[in-house]
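Structure record follows, encoded as structure tokens.
Quick note: the coordinates plus some simple rules give every number you see, no bench work behind them. Please read these numbers as outputs of a predicted model, since none were measured by experiment. Because the Cβ atoms are built from the backbone with ideal geometry, glycine has one as well, and the counts that use them run over all protein chains shown.
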Amino acid sequence: MSDSKERSDEDSLVAISALQHWLYCPRQCALIHLERAWSENRFTSEGKVMHERAHDGPDELRKGVRIARGQHVRSLSLGLVGQCDVVEFFPDGTIVPVEYKRGKPKAHRADEVQLCAQAICLEEMLRLGEGGIPNGQLFYGKNRRRTDVAFGEELRALVADTSARVRECLEGKVTPKAEYATRRCDACSLIELCQPKLIQRSASSWFRDNLESQI
Ligand code: SF4
């Protein structure tokens with residue numbers, strides 16, 4: 001790969017956090033990564049504090065395990081860039097990325113996709129080849145436990161597919177329309193900016209007015 005090609009790829013890298021936002025809600029992803037909108041709520045503030053704690057402090061050596069904090073990573077094959085909370089390097093060569101989350105394990109796959117994307121970046125940067133990092137761990141603040149995540153074929157395919165969808169959305173520069181879902185939207189820090197109920201009400205009013213005018 002030439003220097004100029006690599007530079008242009010580096011310029012168009014998508015944040016790994018965008019994959020996580022996309023899986024939560026495609027509109028949220030576009031509002032943040034396309035329209036540069038951001039707003040904190042209790043959940044995002046607590047999450048931010050937790051990440052800062054995980055990133056803070058120097059790298060250290062514990063019982064032979066090197067613990068690297070806040071490591072920047074990128075993958076030119078997937079076009080992703082991000083930062084790991086913690087990466088553990090074991091004496092036998094095993095490498096384990098660890099991501100810290102404020103809540104508890106969720107029904108959607110966003111946390112697993114984020115962690116797997118970090119692993120793919122590390123594999124590429126360290127020239128380990130696919131499968132060089134087979135597992136990672138998610139630490140959830142609610143139960144204060146680590147959960148193992150296996151980076152199997154299906155999860156890797158989901159990372160690649162989500163990356164492609166996010167890139168297509170950002171390059172197309174079209175923010176998806178809101179679809180109000182109570183649990184998802186009520187926990188979303190962007191609900192005031194997004195106004196999903198208002199958009200839905202407007203759309204239904206439009207249909208009602210149009211249908212009435214045709215009767
Ligand atoms: S309020 Fe709902 S539709 Fe709007 S960005 Fe958030 S999750 Fe998506």
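Computed about its Cα centre, the charge dipole of the range 83-193 is approximately 600 debye, with only Lys, Arg, Asp and Glu carrying charge at their Cβ.
The label point for residue 160 and the one for residue 10, both projected 7 Å from the Cα toward the Cβ, are 2.6 nm apart. Residue separation of residue 143 and residue 184 scaled by 0.36 nm, minus their Cα-Cα distance, works out to 12.6 nm of gained length. Multiplying the residue separation of residue 106 and residue 127 by 0.36 nm and removing their Cα-Cα distance gives an extension gain of 4.4 nm.
The Cα atoms of the range 3-176 define a convex hull whose projected area, averaged across directions, is 10.8 nm².
Modelled this way, with points 7 Å down the Cα-to-C-beta line, the labels at residue 24 and residue 63 are 3.4 nm from one another.
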